[in-house]
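S.K.: This is the structure, below, for whatever I ask next.
The values are calculated or read from the model by the stated rules, or taken from the named source; none is laboratory data. The shown structure was predicted, so the numbers you read here are calculated from the model rather than taken from an experiment. In this analysis, Cβ positions are derived from the backbone assuming ideal geometry, glycine residues included, and neighbour counts consider all displayed protein chains. We work out accessible area using only protein heavy atoms, side chains counted, and drop any ligands, DNA or RNA first. Shrake-Rupley method; radii C 1.70, N 1.55, O 1.52, S 1.80 Å.
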Amino acid sequence: LQHMVTSFRVSELQVLLGFAGRNKSGRKHELLAKALQLLRPGCSPAVQMKIKELYRRRLPRKILTPSDLSVLHVQAGQLPSATALAQGTVCHLPYDHSSAGAVPAALLPPLPALGPKHEADVPHLSPPVHPVHPDVKMKRLPFYDVYDELIKPTTLASVSSQRFEEAHFTFALTPQQVQQILTSRDILPGAKCDYTVQVQLRFCLCETSCPQEDYFPPNLFVKVNGKLCPLPGYLPPTKNGAEPKRPSRPVNITPLARLSATVPNTIVVNWSSEFGRNYSVSVYLVKQLTSVTLLQKLRAKGIRNPDHSRAQIKEKLTADPDSEIATTSLRVSLMCPLGKMRLTVPCRATTCSHLQCFDAALYLQMNEKKPTWTCPVCDKKAPYDGLIIDGLFMEILNSCTDCDEIQFMEDGSWCPMKPKKENQEVCQAPAFSVTEASALYTISSEGRNSLEGKRKVEVIDLTLDSSSDEEEPPAKKQ
């Protein structure tokens, strides 16, 4: 063991001292003295194994065959070993990393106490164990139907005290799965050749409290069958100094996968470990759906009873005893706030409190390109599963073809709002601004006639005032 320790470089001495929970700063001779102190009588078996593991890393490696990689699917609890054994590439860091360095040995994965009798049984190449966590559930994605689970959610645990980690995984496709992928080619419209049945790689935080959204580990690199896998580009940071993040979405690795039932596929994941935070990786066989399919599914769910919306209108227009102004009508636009065109399939989320609808077809097309699932009216989350087609708006759109705005009354009835041409002729401007027309607003019954009367007077007054330089500021203020 002393011979092994004296052959170590600075980076290996730092790893060893960090593993043992000792201070790992200083020059090489100081580090070496501290490391040799660990070998005093009573040296723990875990430290002995770590020295042997670090020493083994410096020997030339054989290339792992697919049969060797199948060992990766062993049960949790086996000896965690070097993170980069498969290719023999270890990232040695000459500088100190406070986040990874000061981890006490008690917090690191427990190593089995191996006596001299068992040490010979430890394989020359023992891959790091990444425990499978079937309790981690990934959030269902509306645009994908899951056919099979190729790699169950597996923890990307930090198994060494180095900052950069590496993990190896392998999965095999059955002849039926290969056939499913191959026969799905060329179904997608457009010139691009693609498969609708795909092998999908997903990352998330290792949390079991609820279904997890996609979330990428920092400084992530993925190789599939030895080829670098393209990942979603970084989003621009929301505030100065913030870490750039990748958008939350799965990765289609079908172009890099071996579509064969005889040769297994290998995945190598490199990432930066973070103290106190673990990630999970999983692989699925999925079928990609289009916005057209999702619209058909939404229609198949049925249309919400018009009485539901009428009850909502009555509730909104019920006189509030604390309010000084009685709200007796609601004006709603029949134009979609997304495309500024007339609604065709009026929908909104069950979580939305507003009556204004948006067009389901357009909303699904936008989320197909960039999935945000955010309501364009109130900016709250409007997930696919929460969307409903509004029956009352369907009735209105079918019976009212010549207007873009309607008004709801206290009893739930409605009437079309005709554009006021006479007002437009007088003031050469629309009676309502764009923001007023698109937003929901109310008019009180008491002040309605007086308000219209005032509007006509105001038009004349403003015209007269505009000729006087002195009166200009008050006119603008009014």
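S.K.: I'm trying to understand the selection: among the residues of the stretch 369-404, which are within 17 Å of the chain's Cα centre (by Cα), without any contact (Cβ under 8 Å) to a residue 12 or more places away in the chain and in a helix (DSSP H, G or I)?
M.R.: Passing the criteria: only 369.
S.K.: Right, another one. Does the stretch 25-45 hold any residues that are open to solvent by less than 30 Å² (accessible area, probe 1.4 Å) and touching a residue at least 40 places away in the same chain (Cβ under 8 Å), and which are they?
M.R.: At the first step, the residues of the stretch 25-45 found to be open to solvent by less than 30 Å² (accessible area, probe 1.4 Å) are 31, 35, 38, 43.
Scanning the stretch 25-45 gives a single hit, 43.
S.K.: Now for a different question. Given the criteria open to solvent by less than 50 Å² (accessible area, probe 1.4 Å) and at pLDDT 85 or above, does residue 79 qualify?
M.R.: Working: open to solvent by less than 50 Å² (accessible area, probe 1.4 Å): yes; at pLDDT 85 or above: no.
So residue 79 does not fit the description; no.
S.K.: Separate question: When you check residue 223 against the structure, is it open to solvent by 60 Å² or more (accessible area, probe 1.4 Å), assigned to a loop (DSSP other than H, G, I, E, B), farther than 24 Å from residue 369 by Cα and not hydroxyl-bearing (Ser, Thr, Tyr), yes or no?
M.R.: On the way: open to solvent by 60 Å² or more (accessible area, probe 1.4 Å): yes; assigned to a loop (DSSP other than H, G, I, E, B): no; farther than 24 Å from residue 369 by Cα: yes; not hydroxyl-bearing (Ser, Thr, Tyr): yes.
No, not satisfied.
S.K.: A further question follows. For the stretch 237-252, indicate whether the set of residues that are on the phi > 0 side of the Ramachandran plot and outside the structural domain of residue 381 (by the TED database) is non-empty. Please lay out each step first, then the result.
M.R.: Quick first cut of the stretch 237-252, residues on the phi > 0 side of the Ramachandran plot only: 241.
If we keep only those that are outside the structural domain of residue 381 (by the TED database) too, we end up with 241.
Yes, because at least one residue in the stretch 237-252 is on the phi > 0 side of the Ramachandran plot and outside the structural domain of residue 381 (by the TED database).
S.K.: Could you say whether any residue in the stretch 351-359 is among the β-branched types (Val, Ile, Thr) and under 16 Å from residue 333 (Cα atoms)? Before you say what the answer is, go through the steps one by one.
M.R.: Within the stretch 351-359, the subset among the β-branched types (Val, Ile, Thr) is 351.
Of the ones still in play, those that are also under 16 Å from residue 333 (Cα atoms) are none.
No, the stretch 351-359 has no match at all.
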